[in-house]
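Here is the structure we will look at, set down as structure tokens.
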Amino acid sequence: MTRTRLSSRERVLLALDHREPDRVPFNLTLTVDIYHRLREYLGLPPDPDKPIGVWTNVSPSLDLLDAMEVDFYYAGLNAPSGRKPAAPDDGLLYDEWHIGRTRVDRGDGRFYFEMVKHPLANATLRDI
């Protein structure tokens, strides 16, 4: 049986509706160094001015998303107006959802942020 190739939108909507798409929808999140290495591996032109997100990840360019057949595109959110970032004394960085992250140095001069504290970590089913 030959299936028609679905668009990313159709594929995601089917999956969200708990119906079987032609394949599992695919998302991609990359750190900046892996982003540049993947572009080179795929034979795509360099993208040296790619902005780095606060958590050291990048939003891949459309040519890379197309080459990898990625179904999702990160649109991003701005912080709520009037938001003051939490700055507790635990050394973690917190986002607008109160997820705590710690900086992890890779040893090669690069780093990333690892999620280590979740706002619902101690919540019970009743709390939720």
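Every number here is computed from the coordinates shown, using simple stated rules; none is lab data. If you're wondering where the values come from, they're calculated on a predicted model, not measured in any experiment. Using ideal geometry, Cβ is built from the backbone for each residue, glycine included, and neighbour counts are taken over all protein chains shown.
With each label modelled as a point 7 angstrom along the Cα→C-beta vector, the Glu40-Tyr74 pair spans 2.1 nm. Per-residue extension of 0.36 nm, minus the Cα-Cα distance of Arg106 and Ile128, leaves a gain of 4.3 nm for this segment. For region 84-128, a crude dipole built from +1 on the beta carbon of Lys and Arg and -1 on the beta carbon of Asp and Glu, taken about the Cα centre, is about 60 debye to the nearest 20. Annotation: the residues Arg126, Arg9, sorted from fewest to most other C-beta atoms within 10 Å of their own C-beta, follow the order Arg126, Arg9.
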